[in-house]
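> For reference, the structure I am asking about is given below.
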Amino acid sequence: MEAPIRPAVRGPTFVRLLARLTDADMPQSGPALADRLSQWIDWTRAVALSKVLDAPASEPGPDTGPVVDRDAAGACARARSALLDAIAGAPELAVPQPQGATPADGAPDGAEAVVDFAPFRQRHLALQRSMLAATGRLRGELRDRLARQSAEMARLAEVDAVMEGALSPREHALLAAVPALLETHFERLRAAAGEAGPDASAAWLDGFRRDMQGVLLAELDVRFQPVEGLLAALRAH
């Protein structure tokens, strides 16, 4: 009897990757966006958001001109590039080179160099902290720039600030669960490799490294979405 084919999971790459790696059955449809937000935003945050939306538009600060837009885009690009380099250069995620080649500095010498998930967890948490710090700083800087452009952009900046405060706790809690999901995937791959014999020992660990790197890259995309939205608004003004 053939195993039932799992339906394809719809949604962002980050969600689809986690669903594939954890073998989770994800619902094909969920609550509407408004219903979901009502579960995430408590009444105090809802009141704060309502006040921002209902308040008269504030006067913008001094207009700094289009040079600011280019500077903002450059700062975002540099921050994202630095995070991409950090993910690509993480020694725990380096796939060992073929025998005879010189391994990268700090990279494991072989598949057996890392057999416990703890170093992967520590690296993932460190990279998450770096992503959070960089995107939080950029988001604040972009709001400041928007507030100086026009009354409408100043209101957008205020709305984004309230939304960040309202949704960040939920976002942090969800993203904090990712290392545990990866650990489950790690243990499942290691168990399967043990059943397959010693020849599979290198392949499963290399495969996990690639999977974890893919999840980190997808998480980086998710974390940069608000930044890219604010940058697009700044460019369009």
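> Somewhere in segment 163-178, is a residue free of Cβ contacts under 8 Å to residues at least 40 places away in the same chain, among the hydrophobic types (A, V, I, L, M, F, W, C), over 30 Å from Ala75 (Cβ atoms) and part of a helix (DSSP H, G or I)?
No, because not a single residue in segment 163-178 is free of Cβ contacts under 8 Å to residues at least 40 places away in the same chain, among the hydrophobic types (A, V, I, L, M, F, W, C), over 30 Å from Ala75 (Cβ atoms) and part of a helix (DSSP H, G or I).
> Shifting gears a bit: Regarding segment 97-110, can at least one residue be identified that is surrounded by 13 or more Cβ atoms within 10 Å (Cβ to Cβ) and either modelled with pLDDT of 95 or more or among the β-branched types (Val, Ile, Thr) (or both)?
Checking segment 97-110: not a single residue is surrounded by 13 or more Cβ atoms within 10 Å (Cβ to Cβ) and either modelled with pLDDT of 95 or more or among the β-branched types (Val, Ile, Thr) (or both).
> Sticking with this one: Restricting the first residue to segment 119-148 and requiring it to be more than 19 Å from Gly229 (Cβ to Cβ) and among the hydroxyl-bearing types (Ser, Thr, Tyr), which pairs with a second residue that is at pLDDT 95 or above and surrounded by fewer than 19 Cβ atoms within 10 Å (Cβ to Cβ) meet a Cβ separation below 7 Å and a spacing of at least six or different chains?
Ser130/Ala86
> Is it the case that some residue within segment 150-159 is at pLDDT below 95, β-branched (Val, Ile, Thr) and out of contact with any Lys or Arg (no Cβ under 8 Å at 6 or more places or on another chain)?
Yes, that holds for at least one residue.
The values are calculated or read from the model by the stated rules, or taken from the named source; none is laboratory data. Please read these numbers as outputs of a predicted model, since none were measured by experiment. With ideal geometry, Cβ positions are generated from the backbone for all residues, glycine too; neighbour counts draw on all protein chains shown.
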